[in-house]
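Q: I am attaching a structure below and will ask some questions about it afterwards.
We did not get these values from a lab; they are worked out from the coordinates using the rules stated. Quantities reported herein were computed from a predicted structural model and do not represent experimental measurements. Note: ideal-geometry Cβ built from the backbone for every residue, glycine included; neighbour counts use all protein chains shown.
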Amino acid sequence: MELEISNISHLLNLVRACDDNRRKIKKVYEDNGLCFNIFDILQLNSSEVRLHSSILASLLRPEIHGAKSEFLKEFLRIPKIEKRSIKLDCSKTKVEVEKYIGPVSETTGGRIDLYVSDGNNHLIIENKIYAVDQKNQLLRYHNFKPEAVMIYLTLFGSEPSNESLGGLKADSIICLSYKDDIIPWLSKCVQLAANLPYVRETINQYINTLSQLTNSYMAQDNDIIELIKQPDNIGAAFSVRNNLDSAINQIMNDFLDSLKNELPDGFTCLTEKQTDWLTTRYYGFTFEYKDWKDFDFQFEFGGTYLSGLYIGIVRKSTCTKDIRDIDEAKELANSLKFNFNKSNDNWFYDYPTEPKYSNWFNAESIQMLLDGSMKQWIIAKLTSAM
């Protein structure tokens, strides 16, 4: 055991040196404008409709960018899609964003994020960056066009909730991830746009944005890979990997204890310690305030591995009112500049625009948990709601 710990310590020291070198390289990139990203500047990186659905639609439309139907054809070659043998006539395909399919009822209606159709064959793409699943959402879209192939697109390939499926079989849905499916597709689009410089560089900037959202920015570090491949290091590398999730669970529980001890006056944290923070969806930190009767303040991870953080005003479980009918909650949401379009009967919510706050399963965010800066960020949010 002592030798194993020594090997682990040695490997971590070597990796730390590589990581320091990577930070220096990133600083050079920043100093030379190579990290300049218009989507970050405009704070669009977490906007599902204004950025993600819109840019995907633009790339899939044959008539817009000059590459004709090549991007669409490459999209249909994504392995999980190709397995379904979808026969779209790319020359006749139209792409709609936020397609309205009627007023929402229990089993029909709503707005489809991306609707791809040649008139005979159809793709329905539900695009989830941070938005929560709605009741019977995929069932409603299925009922609009039962023969359509349905794609559920998330940052990390999460499956839709049973509430959204509404009885549909999960294996009837193609689950794609931005990290493992869309970024590789976009990289091929960059190659296809070699002679279209404006298009090519726009796609590169979008890849940069997605890489930050999925914690894969500058992730391929050949020096670290070579270290791990060495026979003397492989055992230590597996030991670190096997214990990383447990370490982060402990860090989260320690963070919760520390947070509870420093809450602003009047706030109480209702969240209990967890044995597994990482594979649980729709969990986070809930705070009640002494002057609020019907609602609480909540930070909730919509995805697994501490991803897709929502911040919002949530209806108490004992309250039967629609939160949009609670005047005090509406006034608070308005004062906090929450987007009222991002609401349902249960809560008003929004999401952080900076990846370090919206996705915590990365070195920068975990370091913020350890040094207290994440705690101060949450406390500042609570203070602003008083």
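Q: Could you check which residue among ILE248, ILE86, ILE234 shows the biggest mean-square fluctuation in a GNM of the chain with a 10 Å Cα cutoff?
A: The residue with the greatest mean-square fluctuation here is ILE234.
Q: Follow-up. Averaging over all projection directions, find the projected area of the Cα convex hull of the stretch 262-384 and quote it in nm² with one decimal place.
A: Working: hull surface 30.4 nm².
Projected area, direction-averaged: 7.6 nm².
Q: A further question on this structure: Over 30 Å between C-alpha atoms is what I'm after, so list which of LYS179/LYS260; LYS321/LYS381; LYS135/LYS260; LYS83/LYS128 land there. Write down the numbers at each step before the final one.
A: Working: LYS179/LYS260 34 Å; LYS321/LYS381 25 Å; LYS135/LYS260 33 Å; LYS83/LYS128 22 Å.
Those over the limit are LYS179/LYS260; LYS135/LYS260.
Q: Among the aspartates and glutamates, which have Cα under 13 Å from the Cα of LYS330 when same-chain residues fewer than 8 positions away are ignored?
A: ASP294, ASP296, ASP322, ASP345
Q: At 7 Å along Cα-to-Cβ for each site, give me the label-to-label distance between CYS319 and ASP20 in nm.
A: Each label point is offset 7 Å from its Cα along the Cβ direction, giving 5.1 nm.
Q: With each run of n ≥ 4 DSSP H residues scored as -39500 (n - 2.57), what mean residue ellipticity at 222 nm is computed for the chain after dividing by its residue count and rounding to the nearest 500 deg cm²/dmol? Write out the running numbers ahead of the final one.
A: On the way: 15 runs with 162 residues, N = 386.
The helix contribution divided over the chain gives -12500 deg cm²/dmol.
Q: Same structure, new question: At 0.36 nm per residue, and after removing the present C-alpha to C-alpha distance, how many nm does the segment from ARG50 to LYS337 gain when stretched out fully?
A: Details: separation 287, 0.36 × 287 = 103.32 nm, distance 1.80 nm.
Length gained, ARG50 through LYS337: 101.5 nm.
Q: Nearest 0.05, what FRET efficiency do LYS293 and ARG241 give at R0 = 56 Å with Cβ-Cβ as r? Display every interim value, and only then the final one.
A: On the way: r = 47 Å, r/R0 = 0.84.
Plugging the Cβ-Cβ distance into 1/(1 + (r/R0)^6) gives 0.75.
Q: What full-extension length gain, to one decimal in nm, is calculated for GLN43 and THR107 as 0.36 nm per residue of separation minus the Cα-Cα distance?
A: Values: separation 64, 0.36 × 64 = 23.04 nm, distance 3.47 nm.
Extra length available between GLN43 and THR107 comes to 19.6 nm.
Q: Measure up LYS27/LYS68; LYS27/LYS337; LYS99/LYS169 against 29 Å on the Cα-Cα distance and list the ones that go over. Display every interim value, and only then the final one.
A: Working: LYS27/LYS68 38 Å; LYS27/LYS337 34 Å; LYS99/LYS169 23 Å.
Table pairs above 29 Å Cα-Cα are LYS27/LYS68; LYS27/LYS337.
Q: Based on alpha-carbon positions alone, could you give the equivalent ellipsoid semi-axes of the chain from the gyration tensor, as √(5λ), descending, whole Å?
A: Three semi-axes, in Å: 34, 32, 20.
Q: Here's another thing I want to ask about it. Within straight cross-link reach of LYS73, meaning Cα distance under 15 Å, which aspartates and glutamates are found once same-chain residues fewer than 8 apart are removed?
A: Excluding near neighbours in sequence, the set is GLU63, GLU82, ASP89, ASP118, ASP181.
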